[in-house]
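S.K.: Input: one structure, supplied below.
The values are calculated or read from the model by the stated rules, or taken from the named source; none is laboratory data. Predicted, not measured: the structure shown is a model, and the values here were computed from it. Because the Cβ atoms are built from the backbone with ideal geometry, glycine has one as well, and the counts that use them run over all protein chains shown. The protein model used for the area step is the full one, side chains on, heavy atoms only, and it has no ligands, DNA or RNA in it. Shrake-Rupley method; radii C 1.70, N 1.55, O 1.52, S 1.80 Å.
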Amino acid sequence: YAWSPVQAPNQPSDMDFLPMMWGANEARMQALVEQDWTSFPRFLGYNEPDQAQQSNVPVDVAIERWKYLEALDVPLVSPSAAHPLREWFASFMERVEDECLRVDVIGAHWYGPPHINDLKHKMTELYNLYQRPILLTEFAVADWQAKTVSDNRYSPEVVLTFLQEAIEWLEDT
């Protein structure tokens, strides 16, 4: 995906493209409804709406405009929250349930230390809460204390080992 409903240039033709509505701009969302999205395997909701420096969409607005995504008639991936186990996402999903809205897949992000059990725990908890498949749209090892690349506490070897374990677990799960 490319944080956009428009396919990224030079994407290999043998890869599925997943369109995304990055934010909740109503005019752009209304325009989506006029197009045919049925050739896409799914459509992604907002990118990190729980973050001021990302799409920054209040839950009320996200819910109000979700109707445009439901009208696309393709499987829908929830907003990919930066913190899918915190208040913004819990409020969004509570409203989804209360208003009988459609969310077919949970979108999530994970950034953290190279501890495979942290990733497993978070994804398992997320699944147990909402009982839907999860699409991990972004994940990486992050050292949030590092101010420069050279300050990073995690060596390339440690990161590689984590990613190999993570990908194996994600594919198996």
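S.K.: Which of the residues spanning segment 120-141 are surrounded by 15 or more Cβ atoms within 10 Å (Cβ to Cβ) and more than 16 Å from the chain's Cα centre (by Cα)? Steps first, please.
M.R.: Let us first name the residues in segment 120-141 that are surrounded by 15 or more Cβ atoms within 10 Å (Cβ to Cβ), namely 120, 122-123, 126-127, 130, 132, 134-137, 139, 141.
Once the filter is applied, which keeps residues that are surrounded by 15 or more Cβ atoms within 10 Å (Cβ to Cβ) and more than 16 Å from the chain's Cα centre (by Cα), segment 120-141 yields LYS120, VAL141.
S.K.: Scan segment 8-36 for residues that are open to solvent by 90 Å² or more (accessible area, probe 1.4 Å) and in a loop (DSSP other than H, G, I, E, B) and jot them down.
M.R.: PRO9, ASN10, SER13, ASP14, MET15, ASP16, GLU34, GLN35, ASP36
S.K.: Next up: Only one residue in GLN145, GLN131 is among the polar types (S, T, N, Q) and modelled with pLDDT of 95 or more, so which one is that? Break it down into steps so the answer makes sense when it comes.
M.R.: Numbers: GLN145 fails: modelled with pLDDT of 95 or more.
Result: GLN131 is the single residue among GLN145, GLN131 that is among the polar types (S, T, N, Q) and modelled with pLDDT of 95 or more.
S.K.: Same structure again: Can you spot a residue in segment 102-115 that is in a loop (DSSP other than H, G, I, E, B), touching a residue at least 60 places away in the same chain (Cβ under 8 Å), among the charged types (D, E, K, R) and over 28 Å from PHE162 (Cα atoms)?
M.R.: First pass over segment 102-115, keeping only residues in a loop (DSSP other than H, G, I, E, B): 102-104, 113-115.
Now restrict to residues that are touching a residue at least 60 places away in the same chain (Cβ under 8 Å): 104.
Retained after the next criterion (residues that are among the charged types (D, E, K, R)): 104.
Retained after the next criterion (residues that are over 28 Å from PHE162 (Cα atoms)): 104.
Yes, segment 102-115 contains a residue that is in a loop (DSSP other than H, G, I, E, B), touching a residue at least 60 places away in the same chain (Cβ under 8 Å), among the charged types (D, E, K, R) and over 28 Å from PHE162 (Cα atoms).
S.K.: If only one of TRP110, TRP88, TRP3 is closer than 20 Å to PHE139 by Cα, open to solvent by 60 Å² or more (accessible area, probe 1.4 Å) and either within 12 Å of the chain's Cα centre (by Cα) or of a type outside the set (Lys, Arg) (or both), which one is it? Explain how you work it out, then say what you get.
M.R.: Numbers: TRP110 fails: open to solvent by 60 Å² or more (accessible area, probe 1.4 Å); TRP88 fails: open to solvent by 60 Å² or more (accessible area, probe 1.4 Å).
Answer to the selection: TRP3.
S.K.: Considering each residue of segment 10-41, count those that are of a type in the set (A, V, I, L, M) and in contact with a strand residue (DSSP E or B) (Cβ under 6 Å, 6 or more places away or on another chain), and give that number. Explain how you work it out, then say what you get.
M.R.: Initially, segment 10-41 is screened for residues of a type in the set (A, V, I, L, M), giving 15, 18, 20-21, 24, 27, 29, 31-33.
Next, only the ones that are in contact with a strand residue (DSSP E or B) (Cβ under 6 Å, 6 or more places away or on another chain) stay: 18, 20.
Of the residues in that region, 2 qualify.
S.K.: Mind telling me which of the residues ALA71, ALA52, ALA62 ends up being of a type outside the set (S, T, N, Q) and open to solvent by less than 50 Å² (accessible area, probe 1.4 Å)? It would help to see each step written out before you state the result.
M.R.: Working: ALA71 fails: open to solvent by less than 50 Å² (accessible area, probe 1.4 Å); ALA52 fails: open to solvent by less than 50 Å² (accessible area, probe 1.4 Å).
Among ALA71, ALA52, ALA62, only ALA62 is of a type outside the set (S, T, N, Q) and open to solvent by less than 50 Å² (accessible area, probe 1.4 Å).
S.K.: Sticking with this structure for a sec: Taking only segment 43-101 into account, find how many residues are in a loop (DSSP other than H, G, I, E, B), within 24 Å of GLN7 (Cβ to Cβ) and without any contact (Cβ under 8 Å) to a residue 60 or more places away in the chain. Spell out how you get there, then give the answer.
M.R.: Here is the first cut: in segment 43-101, the residues in a loop (DSSP other than H, G, I, E, B) are 45-46, 48-58, 71-75, 78-79, 82-86, 99-101.
Now drop any that are not within 24 Å of GLN7 (Cβ to Cβ), which leaves 45-46, 48-49, 54-55, 57, 71-75, 78-79.
Cutting the leftovers down to without any contact (Cβ under 8 Å) to a residue 60 or more places away in the chain gives us 46, 49, 54-55, 57, 71-75, 78-79.
Residues that pass the stated criteria total 12.
S.K.: Out of the residues in segment 143-162 meeting the condition of being without any contact (Cβ under 8 Å) to a residue 40 or more places away in the chain and surrounded by 15 or more Cβ atoms within 10 Å (Cβ to Cβ), tell me which one is farthest from the chain's Cα centre (by Cα).
M.R.: Among those residues, the one meeting the criterion is ASN152.
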